[in-house]
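Okay, structure first, notes after.
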Amino acid sequence: MDTNKMRDISREQFEARYPVPEGACWNAEQGRYVLFHLKLCTVAKYERFVENWVCWQDSREAVVVELPPKWNDATHSNKQAWDCGIDDARMAIEAQGLKVAP
C-alpha cells in the first residue's frame, strides 16, 4: 500500500480518537496540522494536540508485522490458498495504517 495512503488512514484513525481542535486543521501541502485561528484554539491546546499526533505516529512506526513466507513448494495443492491468505493478511494490516515487513 502507498505510504501516503497509510498515513491518511492513520490520520483518520487519530482524528476519530482525538478530534481536531476548532481553530486548527490539517494542511496537506505542509503535511502537518496548523493553527489558523487563535480565538478558537489556544496555543497550549494546539501544542498538546500536535504532541498527541507525534506520539500516535511514533506508536504506528514502532509496529511492524512480520508475516510467514509464501509457500515455497509450487507443487503443493494448498499453495494458492496459502499465498492468497498471506496477501489478504498484508492488505488488512496495511488498511489499519500499520507496516508489514517485506
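Only residues that are farther than 27 Å from Ala92 by Cβ and outside any loop (DSSP other than H, G, I, E, B) were counted across region 9-46, and they come to 11.
Take the conditions (1) touching a His at 6+ places or on another chain (Cβ under 9 Å); (2) surrounded by 13 or more Cβ atoms within 10 Å (Cβ to Cβ); Glu22 misses just one of them, which is (2). Here Ala89 fulfils each of the conditions (1) outside the structural domain of Arg7 (by TED's automatic domain parsing); (2) within 19 Å of Lys5 (Cα to Cα); (3) surrounded by fewer than 14 Cβ atoms within 10 Å (Cβ to Cβ) apart from (3). Restricting the first member to region 51-76 and to residues that are surrounded by fewer than 13 Cβ atoms within 10 Å (Cβ to Cβ), and the second to residues that are in a loop (DSSP other than H, G, I, E, B), the beta-carbon pairs closer than 6 Å and six or more apart or on different chains are Val63/Leu98; Val64/Ala101; Glu66/Ala101.
Among the candidates Tyr46, Tyr18, the residue that is aromatic (Phe, Trp, Tyr), touching a Phe, Trp or Tyr at 6+ places or on another chain (Cβ under 7 Å) and without any contact (Cβ under 8 Å) to a residue 60 or more places away in the chain is uniquely Tyr18.
The values are calculated or read from the model by the stated rules, or taken from the named source; none is laboratory data. Values in this document were obtained by computation on a predicted structure and should not be read as measured data. Heads up, the Cβs are rebuilt from the backbone with ideal geometry, glycines too, and the neighbour counts pull from every protein chain shown.
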